[in-house]
1. Set Lys and Arg Cβ to +1 and Asp and Glu Cβ to -1, take the dipole of the range 1-68 about its Cα centre, and tell me which of 10, 31, 43 lies farthest positive.
2. Give the relative contact order (percent, whole number) for the range 90-162; include only Cα pairs under 8 Å separated by 6+ residues.
3. Using the basic label-point model (7 angstrom from Cα toward the beta carbon), what is the residue 96 to residue 149 distance in nanometres?
4. Note down the relative contact order for the chain as a percent, whole number, built from C-alpha pairs under 8 angstrom at least six residues apart.
5. In 10 Å bins starting at 0, how do the alpha-carbon pair distances of the chain split up by percent?
6. Could you check the simple spin-label distance between residue 134 and residue 170, using points 7 Å along Cα→Cβ, in nm with one decimal?
7. Classify the range 120-210: rounded, prolate or oblate, from the alpha-carbon gyration tensor (a ≥ b ≥ c, eigenvalue square roots; a/c under 1.5 rounded; otherwise prolate if a/b is larger than b/c)?
8. May I ask you to derive the FRET efficiency for residue 178 and residue 112 from their Cβ-Cβ distance with R0 = 35 Å, giving the value to the nearest 0.05?
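What follows draws every value from the coordinates through simple rules; no lab data is involved. Here the structure is a predicted model, which means the values were calculated and not measured. Don't worry about glycine lacking a Cβ; one is built from the backbone with ideal geometry, like all the others, and counts go over all protein chains shown.
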Amino acid sequence: MQFMTPEQYQFIKKQAKKILNTYTTSKDQKVIQAIQALVQEEIDSKLTFSEIDQQLVLQPIFHIQSKDQLEKFLTDIKQYVEPFIQPTEAQLKKLFPKDKKLKLPKLEAFDWQETSYLSWFDPGTNRKYIVYREDGALKGVRGTFSNSAKVGICTVCNQHAKVGLLLVSKKGADLGTYTKRGNYICEDSESCNGALSDLEKFTNFVNNLM
Ligand SMILES: [Zn+2]
């Protein structure tokens, strides 16, 4: 019974850290209870439970008082995350037919339960690839990516991190014309996925590129 998406798992992670942080910084029962109630509310607004068992799985979150407990909790609930279905190399190649010498990432290196979108960078061409699913269909977009060595806000996950400029060309209304869209996004897409707890931001981002 996998009832969480990777994005929801990242969201739960954030909530769990909030609880741990509260126990670490406060001894006041009232404060602790207030944060517990807030976290409960946040979870209820983000996840839909079809069975009581699913809610029970998450109950230990309210008593996380140490880093070890946090780690254990996150490991325990990971089995309930529906992973991003690993695409095949053939599927990926089909997404980018113009890139004859498409360099693919090592797919076995990804943690699919923590992946909301798949991304990799080809240093040979300076292209960054982004692959995701929308209504079950695999989609891809790519652009040139320049590492800015700057810290900024990522358009996808909204975290403060090392970002680079992704430039995506889009066919214009007139034949042979192109427009370019630029966005600052995380250089490290694994960390970006880790911070992505609101998939709507990602969806808005890719839809703006199309
Ligand atoms: Zn990001």
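1. Comparing the listed Cα positions along the dipole, 31 ranks first.
2. 18 percent
3. About 2.5 nm, to one decimal.
4. 19 percent
5. Histogram of Cα-Cα distances, whole percents per bin: 8, 29, 31, 20, 9, 3, 0.
6. The two pseudo-label positions are separated by 1.1 nm.
7. oblate
8. The computed FRET efficiency comes out at 0.55.
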